[in-house]
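The values are calculated or read from the model by the stated rules, or taken from the named source; none is laboratory data. Predicted model, so just to flag it, every value in this text is computed and none were measured. Reconstructed Cβ throughout: ideal geometry from the backbone, glycine too, with neighbour counts over all protein chains shown.
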């Protein structure tokens, strides 16, 4: 008996008023009490709002290079009354670029995660729900996708599909498919052995009904957590791919990764051109990560931290 | 153990098969005829004829695939459209640079990560713990390329403490045997060359190592926390063993098991990060090789690269998993 | 002077920002050289925490230990961690409850024995190895030389517990504390391991504190018994006296709860009414009074001492209305 046993069992549920709360409600309560989760949620909220309201928030239009005349080979105009953060090396308003960069990251990140989740989930459900030969085939496909590191896979796919935002989206989603496929497959397999599934079967429910009506809703939690964490990676990968020149061919485009690349040429003159987009990427990824981890703890509380 | 190796190699074969099929199908799916698509802008009648000859595009599809497979099996992964150099040759030429960088990054990550993770766990809730947890989180979310750029700017350009690019100062006349510059310097006793190469490695290794460092710190910390509450540690204490012995032989040795399982993942992170870091610091490794191929749309190189990386990644993971059996006796097949 | 004298031991745990729990609330008992003393009680009564406190194995953070634990005259609670560590394994040893998790999974069994031997005696490697093999043999492990090179996961639970006993006895300690050493084992193995432990202890003249919730185990092995309830000793007696003439109402309740083979068919079981949670703090009276059939105001008015010269030599009970002989 360890010393911990002696401390006694936790207070009965009635005493804390939590008795009868369903899993989602108690998860929500736990989430609310988690400070880092709240920070993460706030960051994500700000990010999404900025991205959606970009046209309203930004002082100018993006990637116009309107003020290119003010940029010289040795200087880049800094903050002024018209340009709160100054200009970038192509002559566009830096603040506008940053704001529209959020929009670009959000759109590409969300779309690619959505595609990756949808495709991966389908594969995972087929593999876990049907099993047998289907399972083997699906797992081989997943193995092919996992045969090279995720970023390299994304780079390769993007390169092969040609430049542009769309190919970045598909490339990143390709790297995410195996993650969701494995997640859903594992979730279904784990549930298959549980008593409640056997009970439903003995009541005469068809396999498909059980999977769709019961097992999938139970998988929702882990999928939500994974989707949030994957969004963090997606934001970074979007930036990485455009850093490598795979995004929009226009070098002045309002995309954080691209802004970082072009900032390298002016590193000694105007280091802030690199700092702002980089910090933006880091903070956004941080927000999603904190939120994702808080969700994970809320949905599956562990006593040790 | 042997069955594991055989199974993994078998899987690798299947995967390569799948990849080659995908890549093959992709070339066919490109608009226009394959030779022209591959050459892109550099298409000339002579060039197209040469490509057709080399890749056999004028043959029936199934025969093309067989030829393709045959080439792969023989180790012919194609050649660069631009330079004509076989992918395999260039790969082996540039691989050492990436390996050297990766090893430096990994050594850094392990040398810093494990002690920090351990200390953070021992003094749980203390200031060190909070700092460590916070910084390791940053390590995961700060993109490698951003960190590389910042380091380059701050330490190389601003303070001038480190060189901004390359692997070695061109003015040092160094002999290269293995292409591992630090090692070469040691082998030929050109100490200054070795030192210079080492200095050039610092910034890239810091940038590249940030992710493995973050992962190692977090896992070590979590693992040590777990092991500290294990019963067998209490038994060791009851035996009256000295604290240092308990820390090393009973806590650490068990806590490091989960860390070694992630080494395979780290290899993936290192390879990915290498692409970005080598670009920033102008290092001629396979990372920048990929970058060049991507920017120049050198498709054969890209294809060959994918296949090659798949092989390397699979072998690394296999080695890691096999060696895990040596560390954890519970996994060994008696 | 006794080998081990525990006097007014109190252990308090405080969690960050939470209430303080008193796990051990004034426990006193003693163990003479060569004696086997039992600590009996149900889960949560503080017997394990007492043993951990004696060995100095409680976590340092959030734990307050007061009282005195005199081993051979020296109060262990006043020693530094280094001094304490030197005594552990050599003078004082402990056998824990769960053999499946109490051994280091990545070290060979031989290594886990030689390390304790080499730490406390000056043995060199080969001497320690030989001694380790011999120890394994003494605890009844067949083919000990081969087993010494094996790992814990290759042994069954009963075997592992034997190894843990060997480790505890390796440096011939003066006192062994055995915390429910057979509870986690299969029923068929329990008797074997318990007999082994008792035999080895008697053979070497080592004193033992045996912690258990099983009265049958007590009857089979102990010389003297301490019954614990809610962190305090409520009855102390020689084994025979305790079973023949139990005084404290809790003890009588426990003994009555044991089903008897010779009872008429259909006799109902007689559990002790209520639960451990129905508690009165010791400062206010008898902690057992809420569950006791004969409790009155006298039982709820302040501290009750462990008394009882009238019960016979060495037999004391913390009871205002102890049971009469023959109940």
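Details
- Between C:86, C:70, C:145, the distinction of being under 28 Å from residue C:189 (Cα atoms) and not in a loop (DSSP other than H, G, I, E, B) belongs to C:145 only.
- If the condition is being at pLDDT below 70, assigned to a helix (DSSP H, G or I), away from chain A (no Cβ under 14 Å) and touching a helix residue (DSSP H, G or I) at 6+ places or on another chain (Cβ under 8 Å), then the stretch B:40-64 contributes only B:55.
- Criterion (at pLDDT below 85 and surrounded by 19 or more Cβ atoms within 10 Å (Cβ to Cβ)) met by exactly one of C:308, C:274, C:293: C:308
- Each residue in the stretch B:95-128 was checked for being surrounded by fewer than 19 Cβ atoms within 10 Å (Cβ to Cβ) and farther than 25 Å from residue B:194 by Cβ, and 9 pass.
- Whether a residue is at the interface with chain B (Cβ under 9 Å from one of its Cβ atoms), crowded, with 22+ Cβ neighbours inside 10 Å and out of contact with any strand residue (DSSP E or B) (no Cβ under 6 Å at 6 or more places or on another chain) was assessed, and residue C:103 passes this test.
- Scanning the stretch C:254-275 for residues being touching a helix residue (DSSP H, G or I) at 6+ places or on another chain (Cβ under 9 Å) and either closer than 13 Å to residue C:322 by Cβ or part of a loop (DSSP other than H, G, I, E, B) (or both) gives a total of 8.
- Against the conditions (1) facing another protein chain (nearest Cβ under 9 Å); (2) more than 25 Å from residue C:12 (Cα to Cα), residue C:72 satisfies every one except (1).
- Test result for residue B:270, within 28 Å of residue B:25 (Cα to Cα), part of a helix (DSSP H, G or I), out of contact with any strand residue (DSSP E or B) (no Cβ under 6 Å at 6 or more places or on another chain) and more than 14 Å from chain C (Cβ to nearest Cβ): no
- Set B:260, B:229: member being at pLDDT below 90 and either at the interface with chain C (Cβ under 7 Å from one of its Cβ atoms) or more than 15 Å from residue B:213 (Cα to Cα) (or both): B:229
- Against the list (1) part of a helix (DSSP H, G or I); (2) within 11 Å of chain B (Cβ to nearest Cβ); (3) in contact (Cβ under 8 Å) with a residue 12 or more places away in the chain; (4) farther than 23 Å from residue C:209 by Cβ, the condition residue C:116 fails is (4).
- Residue B:202 within 30 Å of residue B:130 (Cα to Cα), surrounded by fewer than 18 Cβ atoms within 10 Å (Cβ to Cβ) and out of contact with any strand residue (DSSP E or B) (no Cβ under 6 Å at 6 or more places or on another chain): yes
- Counting only helices (runs of 4 or more DSSP H) wholly contained in the stretch A:1-76, the ones carrying 3 or more residues that are at pLDDT 80 or above and more than 30 Å from residue B:232 (Cα to Cα) occupy A:23-32, A:35-52, A:54-57.
- Where a residue in the stretch C:305-326 is closer than 15 Å to residue C:238 by Cβ and its partner, wherever it lies, is modelled with pLDDT under 80, with Cβ under 7 Å and at least six apart: C:315/C:308; C:316/C:308; C:317/C:308; C:317/C:311
- Exclusive hit being on the phi < 0 side of the Ramachandran plot and away from chain C (no Cβ under 11 Å), set B:246, B:306: B:306
- Complete set of residues in the stretch C:2-25 that are away from chain A (no Cβ under 13 Å) and out of contact with any strand residue (DSSP E or B) (no Cβ under 8 Å at 6 or more places or on another chain): C:17
Yes/no per residue for (1) over 21 Å from residue A:112 (Cα atoms); (2) part of a loop (DSSP other than H, G, I, E, B); (3) facing chain B (nearest Cβ under 10 Å); (4) at pLDDT below 85:
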{"residue": "A:239", "(1), (2), (3), (4)": "no, no, yes, no"}
{"residue": "A:260", "(1), (2), (3), (4)": "yes, no, yes, no"}
{"residue": "A:264", "(1), (2), (3), (4)": "yes, no, yes, yes"}
{"residue": "A:268", "(1), (2), (3), (4)": "yes, yes, yes, yes"}
{"residue": "A:287", "(1), (2), (3), (4)": "no, no, yes, no"}
{"residue": "A:291", "(1), (2), (3), (4)": "no, no, no, no"}
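- Breaking point among (1) assigned to a loop (DSSP other than H, G, I, E, B); (2) more than 9 Å from every other protein chain (Cβ to nearest Cβ), for residue C:59: (2)
- Matching residues, the stretch B:318-334, being more than 10 Å from every other protein chain (Cβ to nearest Cβ) and not in a loop (DSSP other than H, G, I, E, B): B:318, B:319, B:320, B:321, B:322, B:323, B:324, B:325, B:326
- The set of residues from the stretch C:165-177 being within 13 Å of another protein chain (Cβ to nearest Cβ) and over 18 Å from residue C:141 (Cβ atoms) comprises C:171, C:173, C:175, C:176, C:177.
- Within the stretch A:146-157, none of the residues are assigned to a helix (DSSP H, G or I), more than 13 Å from chain B (Cβ to nearest Cβ) and buried (at least 24 other Cβ atoms within 10 Å of the Cβ).
- Residues in the stretch B:126-176 that are at pLDDT 80 or above, more than 28 Å from the chain's Cα centre (by Cα) and within 11 Å of chain A (Cβ to nearest Cβ): B:129 alone.
- Qualifying residues in the stretch C:178-201 (those that are part of a loop (DSSP other than H, G, I, E, B) and more than 16 Å from the chain's Cα centre (by Cα)) - the one nearest to the other protein chains (Cβ to nearest Cβ): C:185
- Test for residue B:245: is it surrounded by fewer than 24 Cβ atoms within 10 Å (Cβ to Cβ) and over 26 Å from residue B:311 (Cα atoms): yes
- Residue in the stretch C:91-110 that is out of contact with any helix residue (DSSP H, G or I) (no Cβ under 8 Å at 6 or more places or on another chain), at pLDDT 90 or above and in a helix (DSSP H, G or I) present: no
- Screening residue A:260 on (1) surrounded by fewer than 24 Cβ atoms within 10 Å (Cβ to Cβ); (2) without any contact (Cβ under 8 Å) to a residue 24 or more places away in the chain shows it passes everything except condition (1).
- Annotation for the stretch B:156-166: at least one member residue is assigned to a helix (DSSP H, G or I) and free of Cβ contacts under 8 Å to residues at least 12 places away in the same chain.
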